[in-house]
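Notes to accompany the following structure.
The values are calculated or read from the model by the stated rules, or taken from the named source; none is laboratory data. Not measured: the values here are computed from a predicted model. Note that we place each Cβ from the backbone using ideal geometry, even for glycine, and neighbour counts take in every protein chain shown.
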Amino acid sequence: MNKSAIRKKLISLRKKKYKSNIELNPNKLIELIDKQKLNSKIIGCYYPFNYELDILNILEALVNKKYILSLPKILKNNEMNFFKWSIYDPLKINKYGIPEPISDKKIDPNILLIPLVGFDNKLNRLGYGGGYYDRYLSKVKLFKPVLKIGVGFSFQKVKNLPINKYDQKLDYIITEKKII
């Protein structure tokens, strides 16, 4: 099965199986991040939409632990960058229906929480197909290391994802059940 067919199937499955009361344990994620001994506390996160796993409780816990949050904005040429954001800041909706920060203060996170459409045990990620995260990661890794943590539901796991040379592997995947 090709990526497009897998994506369509998994998005449909996520919509059917989505439960708004499923939350990740923020302590497990914070413990994982703290173990990395990173010299910066800037987190690139996502604002959940389209039945993605809701991480708002985690973002609040990260703010309480003095982490700085940022959200992506879609730019021209299918690029994206991260901009400073707080859980108390207003958002605007972009052309894809995704909430984005209003801030123009660009910052480069050293930790990314990346939403998943699908994933496999080899830490490969399937996204929506625009390549935004892959392009961002290939650009940013040229000047700094980034901890890449995929976030999704356990039922989004597939046996093997087809990958290509542009796909960026994750460092960890966290679901409501475990950390891979």
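Give I179, I114 a once-over and let me know the one that is at pLDDT below 95 and out of contact with any His (no Cβ under 8 Å at 6 or more places or on another chain). Don't jump to the end; show me each part of the working.
Working: I114 fails: at pLDDT below 95.
Exactly one of I179, I114 is at pLDDT below 95 and out of contact with any His (no Cβ under 8 Å at 6 or more places or on another chain), namely I179.
Results for (1) free of Cβ contacts under 8 Å to residues at least 12 places away in the same chain; (2) charged (D, E, K, R); (3) surrounded by 15 or more Cβ atoms within 10 Å (Cβ to Cβ), shown as yes or no for each residue.
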{"residue": "R14", "(1), (2), (3)": "no, yes, yes"}
{"residue": "S20", "(1), (2), (3)": "no, no, no"}
{"residue": "L24", "(1), (2), (3)": "no, no, yes"}
{"residue": "E31", "(1), (2), (3)": "yes, yes, no"}
{"residue": "S40", "(1), (2), (3)": "no, no, no"}
{"residue": "D54", "(1), (2), (3)": "no, yes, yes"}
{"residue": "E79", "(1), (2), (3)": "no, yes, no"}
{"residue": "D89", "(1), (2), (3)": "no, yes, no"}
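Quick grid of which residues meet (1) surrounded by 13 or more Cβ atoms within 10 Å (Cβ to Cβ); (2) β-branched (V, I, T); (3) part of a loop (DSSP other than H, G, I, E, B):
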{"residue": "S103", "(1), (2), (3)": "yes, no, yes"}
{"residue": "Y128", "(1), (2), (3)": "yes, no, yes"}
{"residue": "D134", "(1), (2), (3)": "yes, no, no"}
{"residue": "L142", "(1), (2), (3)": "no, no, yes"}
{"residue": "I163", "(1), (2), (3)": "yes, yes, yes"}
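Please go through the range 144-161 and pick out each residue that is of a type in the set (V, I, T) and assigned to a strand (DSSP E or B).
First, pick out the residues of the range 144-161 that are of a type in the set (V, I, T): 146, 149, 151, 158.
Within the range 144-161, I149, V151 qualify.
Scan L123, L113 and give me the residue that is of a type outside the set (F, W, Y), under 28 Å from I180 (Cα atoms) and in a strand (DSSP E or B). Can you show your working first?
On the way: L123 fails: in a strand (DSSP E or B).
Answer to the selection: L113.
Identify the residue in the range 1-28 that is in a helix (DSSP H, G or I) and in contact with a helix residue (DSSP H, G or I) (Cβ under 9 Å, 6 or more places away or on another chain) and, among all such residues, is farthest from L116 (Cα to Cα). Give the derivation first.
Restricting attention to the range 1-28, the residues satisfying the condition of being in a helix (DSSP H, G or I) are 3-17, 26-28.
If we keep only those that are in contact with a helix residue (DSSP H, G or I) (Cβ under 9 Å, 6 or more places away or on another chain) as well, we get 10, 13-14, 17, 26-27.
Details: L10: 10, L13: 13, R14: 10, K17: 15, P26: 18, N27: 20 Å.
Selected residue: N27.
Mind listing just one residue for me: the one in the range 35-51 that is modelled with pLDDT of 90 or more and among the hydrophobic types (A, V, I, L, M, F, W, C) and, of those, nearest to G150 (Cα to Cα)?
C45
Report the residue count in the range 109-126 for those that are surrounded by fewer than 22 Cβ atoms within 10 Å (Cβ to Cβ) and basic (K, R).
Residues in the range 109-126 being surrounded by fewer than 22 Cβ atoms within 10 Å (Cβ to Cβ) and basic (K, R): 1 in total.
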